[in-house]
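Below is one structure; the comments refer to it alone.
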Amino acid sequence: MTSHSAQLTTFPAFMRVDARKVAIFGNGAEAAAKARLVANTSADIVVYADAPEAELADSLSRLGIEPVRQAYKAAQLDGATLVFAATGDPAQDRGIVADARAGRIPANAVDQPDYCDFLTPALVNRAPVAVAIGTEGAGPVLAQMIRARVDRMLQPSLGRLARLAADYRIAVDRLVPRGVARRVFWRRFFEADVAGHVAQGDISLARRAATRLLRRRVPVPGHIWLVGAGPGAEDLLTLRAQRAMMEADAIVYDALVPEAIVALGRRDAERIPVGKRKGCHSKSQNDINDLLIRLGREGKRVVRLKSGDPLIFGRAGEEMAALRDADVSFEIVPGITSAIAAAADFDLPLTLRGVASSLVFTTGHDLTGAALPDWARLAVSGATLCVYMGRSVAASVAERLIEAGLPADMTVAAVENASRDERRMFHGTLADLPALEQRDDLAGPVMVIIGDAVAGANFDHSTPLAEGRPALAPVAQSQAA
């Protein structure tokens, strides 16, 4: 469920105004600004100004609009599709909006949010392409700053390219099957030779390239991306992962992947949860393998979304083997693994010259067997140890590592929900680690980091694992070395 703070109070939409009346009331700069904004469209702009000031007169002259020199009357609203009240008199603007609402006409009163049925965005115009940026009135200057950045990103030829695409829509609808084949056609249209020729101003060559592209269409095979969703923060998702999600027909995701990241995929993509979390395994690994193979053979382009990095405790090896045996193409899109995110939360260098020159990634369950794993001697010799999924076996982990020779007072750090706003951070010693297992309030994934380098972490925002133990002061890296 999306949190209320992440929800918009207005619904972004584009209204049809071609050849329809848009009424603007006012004499000054605000009315001029609204006229300039609406002039980006093919609306029939009518400006009612009984005493136009210099800026308004100049703007209307440049736009080729002759103002109607009349004081406001309700009859002037007749036939309007949109109304802007920008008289500079708040009471009069409210009256105009009230009259418009009585006639079921959407209206906007400048600088009076309660009297705005719609808000005007900062606009990047590449007609017929338009990018509208809104802040719901919270930061108009911010919207303009974003508009300037987007304007620089988009080529001036983008509008011409979109108009050319419109010329080919009927042929594409008739000749190219719906779904992935059609999306691939349009992606090639907008990214390859066609777009290049339009950018150079040669529409004739662009048309030839588009026609060739239409004639040589080939079946689009299914494809699977094994994507690392990172530790959970949306802004740690890679650009490559985002691109794959925008191309995917289906998104197959684990329970540990936050809904906010799943929502970054194409709006019409099929979303398939497959569990894979302790206590809620909705599908077995074989079931997931079979699902990916079936979707790939159907010609679907699929994102298999995994928490962290798919190659680190993500069981990607089994999925790759199954896809390879089934002759379904796939690729790996790396993600930021939880150990890196947890270390960043603590300002903790996982390797430190003269202290820790090696790094071990393991799961807590590796330390519950009868024999110590081969890497245990690395931990004793100074390696930094990153323990995934270690909360439920914390006591066993501590016992076995002390048994292997690690000192009981070695510093440890633990993070629940690394990188996320709701993360919780803890610190203590190896002897304190069993207390982690007793914390029933930890519902999210927990990462534990153990080693000499941990003493150099920043513990300002963490809580002691053992009750009554004082907070640790971070050890300077030079001192740790």
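The values are calculated or read from the model by the stated rules, or taken from the named source; none is laboratory data. If you're wondering where the values come from, they're calculated on a predicted model, not measured in any experiment. Backbone-built Cβ (ideal geometry, glycine too); neighbour counts: all protein chains shown.
Those strands (runs of 3 or more DSSP E) of the stretch 28-116 in which 1 or more residues are small (Gly, Ala, Ser) occupy 80-85, 107-109. Evaluating ILE24 against the criteria (1) farther than 19 Å from ALA132 by Cα; (2) in contact with an Asp or Glu (Cβ under 7 Å, 6 or more places away or on another chain) leaves one unmet condition, (2). Contact map, the stretch 356-384: residues that are more than 22 Å from ALA457 (Cβ to Cβ) paired with residues that are exposed (fewer than 15 other Cβ atoms within 10 Å of the Cβ) and at pLDDT 80 or above, Cβ distance under 6 Å, separation 6+ or inter-chain. Pairs shown: LEU372/ALA404; ALA376/ALA404. Per the listing VAL68, VAL46, VAL150, the residue uniquely among the β-branched types (Val, Ile, Thr) and closer than 30 Å to PHE190 by Cα is VAL150.
Results for (1) over 18 Å from the mean Cα position of the chain (by Cα); (2) closer than 30 Å to PRO445 by Cα; (3) crowded, with 23+ Cβ neighbours inside 10 Å; (4) not assigned by TED's automatic domain parsing to the domain that holds ASP309, shown as yes or no for each residue.
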position: ARG208; (1), (2), (3), (4): yes, no, no, yes
position: PRO231; (1), (2), (3), (4): no, yes, yes, no
position: THR238; (1), (2), (3), (4): no, yes, no, no
position: ARG243; (1), (2), (3), (4): no, yes, no, no
position: GLU247; (1), (2), (3), (4): no, yes, no, no
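Tell me, yes or no, whether the stretch 127-150 has at least one residue that is β-branched (Val, Ile, Thr), modelled with pLDDT of 90 or more, under 17 Å from ALA199 (Cβ atoms) and assigned to a strand (DSSP E or B). The answer is yes, given that some residue of the stretch 127-150 is β-branched (Val, Ile, Thr), modelled with pLDDT of 90 or more, under 17 Å from ALA199 (Cβ atoms) and assigned to a strand (DSSP E or B). Within the stretch 71-93, residues that are in the same structural domain as ALA107 (by TED's automatic domain parsing) and among the aromatic types (Phe, Trp, Tyr) reach partners that are assigned to a strand (DSSP E or B) and surrounded by 19 or more Cβ atoms within 10 Å (Cβ to Cβ) with beta carbons closer than 7 Å, at six or more positions or on different chains, in the pairs TYR72/PHE25; TYR72/TYR48; PHE84/ILE24; PHE84/PHE25; PHE84/ASN108.
Matching residues to (1) at pLDDT below 85; (2) of a type in the set (Val, Ile, Thr); (3) closer than 21 Å to GLY308 by Cα; (4) under 38 Å from the mean Cα position of the chain (by Cα):
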residue	(1), (2), (3), (4)
ARG391	yes, no, yes, yes
GLU403	yes, no, no, no
VAL415	no, yes, yes, yes
ASP421	no, no, yes, yes
HIS427	no, no, no, yes
LEU430	no, no, no, yes
LEU442	no, no, yes, yes
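Hey, among the residues in the stretch 281-326 that are in a helix (DSSP H, G or I) and acidic (Asp, Glu), which one's surrounded by the fewest Cβ atoms within 10 Å (Cβ to Cβ)? Ranking the qualifying residues of the stretch 281-326, first place goes to ASP325. Only residues that are in contact with a Phe, Trp or Tyr (Cβ under 6 Å, 6 or more places away or on another chain) and within 28 Å of GLY451 (Cβ to Cβ) were counted in the stretch 313-338, giving 1. Among the conditions (1) touching a residue at least 24 places away in the same chain (Cβ under 8 Å); (2) over 30 Å from ALA263 (Cβ atoms); (3) not hydroxyl-bearing (Ser, Thr, Tyr), PHE14 misses just one, which is (2).
The condition of being at positive phi and touching a helix residue (DSSP H, G or I) at 6+ places or on another chain (Cβ under 8 Å) holds for only one of GLY265, GLY222, GLY232, that being GLY232.
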